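A short reminder: the numbers here are calculations on the coordinates, not readings from a lab. Keep in mind it's a predicted model, so treat the numbers as computed, not measured. Cβ coordinates were reconstructed from backbone atoms using ideal geometry, including for glycine residues, and neighbour counts include every protein chain displayed.
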């Protein structure tokens, strides 16, 4: 079992149930999925950008990435419907907790001039963050990297409003800014 999942089940969930005064253990907020997206604007001109992004995302998450395609044509961006524009991975279960553990304990501390994450959620209890490049993950080999690519990470939390979801993330170890 993943270390963070075990901590959630044995320590965090009972603590949150007591703290938030939930009658049933199933009411306590829980992590449902993590979505990792990379938008590759240069994929149309250079196919190797897409290949490298797919490989990097698979290396980071431990799961094969899926190519996302444009839904409609936009002439100003020289984009046609069906062109590849990015890649994404949706993590659930054991891989989700392992990725979150590596994100919190390894990747986020490697961000240059890091002062904490913003603590604003989306209104439905989910949290999104962006990374400037994939180099904060130690799995990426700097020598083989041809271009830097940013990514968006969304943590979807089930069973809670913004306050309860933020409390869950704090207990999991997310380094939020102090207000």
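Here are the numbers for the structure shown:
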| read-out | value |
| --- | --- |
| Over the chain, relative contact order from alpha-carbon pairs under 8 Å, at least 6 apart, % | 29 |
| Two-decimal Rg/Rh across the range 34-171, once Rg and the Kirkwood Rh are taken from alpha-carbon atoms | 0.99 |
| Ranked packing of 13-20, 30-37, 138-145, most packed first, by mean Cβ within 10 Å | 30-37, 13-20, 138-145 |
